[in-house]
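The values are calculated or read from the model by the stated rules, or taken from the named source; none is laboratory data. Because the structure is predicted, anything quoted here is derived from the model rather than measured. Counting neighbours? That spans all protein chains shown, and the Cβs are built from the backbone with ideal geometry, glycine included. For accessibility, only protein heavy atoms count, side chains too; no ligands or nucleic acids. Shrake-Rupley method; radii C 1.70, N 1.55, O 1.52, S 1.80 Å.
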Amino acid sequence: MSRSQKNKRSLQRQITNRNREPVVVKPKSWNQSRYLMSMIENDITFCLGPAGSGKSSVAVGLACNWLQDNKIERIVITRPTVETGGTLGLLPGSADDKMNPYVMPIIEEMHKYIGKEMTSKLRESGMIELCPLQLMRGRNFHKCFMILDEAQNATFEQIKMFITRIGMNSRAVINGDIEQTDLPKHLQGGLTHVMSRVNGVPGVGLCQLDSSDIVRHPIIGAILERLK
């Protein structure tokens with residue numbers, strides 16, 4: 001067994017046998033409960049909803065719980081980076097460093113479930129991987145919990161490519177808010193197009209959250225309704 005494998009085994013034991021009680025993901029609304037059940041029952045789950053409705057937080061919570069329970073070996077997080085012109089070259093550092101600003105909300109959510117120190121250790125070991133969407137082609141992810149966040153900013157082809165990266169014993173979650181796309185108009189609609197095409201496929205779940213599911217400041221839901 002290599003040193004890397006031994007380190008991962010050691011971390012897996014640490015995360016499984018931690019002194020504190022594990023924080024279990026708890027849905028805060030009926031729609032979130034249905035979303036959670038969809039991720040448990042299906043290989044792929046799509047979820048649409050406004051900001052703050054729990055799209056990412058519920059998925060991250062389940063992923064962390066499954067990592068603690070040894071149901072998966074890795075959490076893989078990706079998202080489009082259209083804010084920087086569609087490339088990762090405008091930010092310094094490694095691919096992980098370049099992804100960090102975009103996925104910080106997800107990393108902070110992980111701190112609630114497995115702690116800041118353990119999250120850092122798991123990132124260093126590769127058990128939590130920030131994988132740029134542009135660099136996923138050609139890879140396969142086995143026994144992983146894969147999260148594609150902000151998928152309203154991914155094109156049809158990018159989402160299709162992400163789906164085909166799913167390996168054996170893996171789960172994939174694809175989240176988005178179609179009201180907040182940053183793509184040029186001619187590239188928009190990829191997320192809803194994919195969802196309409198896969199509707200009814202066994203093993204695929206489609207979920208919808210709305211303003212009533214928002215668990216941030218209560219004024220957000222009222223404002224979003226007015227700004228429609």
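Miscellaneous remarks
- Summed over region 122-138, residues that are among the charged types (D, E, K, R) and touching a strand residue (DSSP E or B) at 6+ places or on another chain (Cβ under 9 Å) total 2.
- Of all residues in region 147-193, those that are under 13 Å from the mean Cα position of the chain (by Cα), outside any helix (DSSP H, G or I) and aliphatic (A, V, I, L, M) total 5.
- Listed by first and then second residue, the pairs linking a residue in region 123-139 that is closer than 10 Å to Val76 by Cα and modelled with pLDDT under 90 to a residue that is assigned to a loop (DSSP other than H, G, I, E, B) and open to solvent by 70 Å² or more (accessible area, probe 1.4 Å), with Cβ atoms under 8 Å apart and 6 or more places separating them unless they lie on different chains, are Cys131/Arg139.
- Across region 143-158, the number of residues qualifying as over 23 Å from Arg34 (Cα atoms) and open to solvent by less than 20 Å² (accessible area, probe 1.4 Å) comes to 2.
- All positions within region 160-206 that are closer than 15 Å to Leu48 by Cβ, open to solvent by less than 20 Å² (accessible area, probe 1.4 Å) and either small (Gly, Ala, Ser) or touching a Lys or Arg at 6+ places or on another chain (Cβ under 9 Å) (or both): Val173, Asn175, Gly176, Asp177, Gly190, Val194, Gly205
- Qualifying residues in region 38-50 (those that are over 13 Å from Ser170 (Cα atoms) and touching a helix residue (DSSP H, G or I) at 6+ places or on another chain (Cβ under 7 Å)) - the one surrounded by the fewest Cβ atoms within 10 Å (Cβ to Cβ): Pro50
- Contact annotation: residue pairs with Cβ atoms under 6 Å, 6 or more positions apart or on different chains, pairing a residue in region 188-208 that is more than 14 Å from Ile40 (Cα to Cα) with a partner that is buried (at least 17 other Cβ atoms within 10 Å of the Cβ) and among the hydroxyl-bearing types (Ser, Thr, Tyr), are Gln188/Thr181; Gly190/Thr155.
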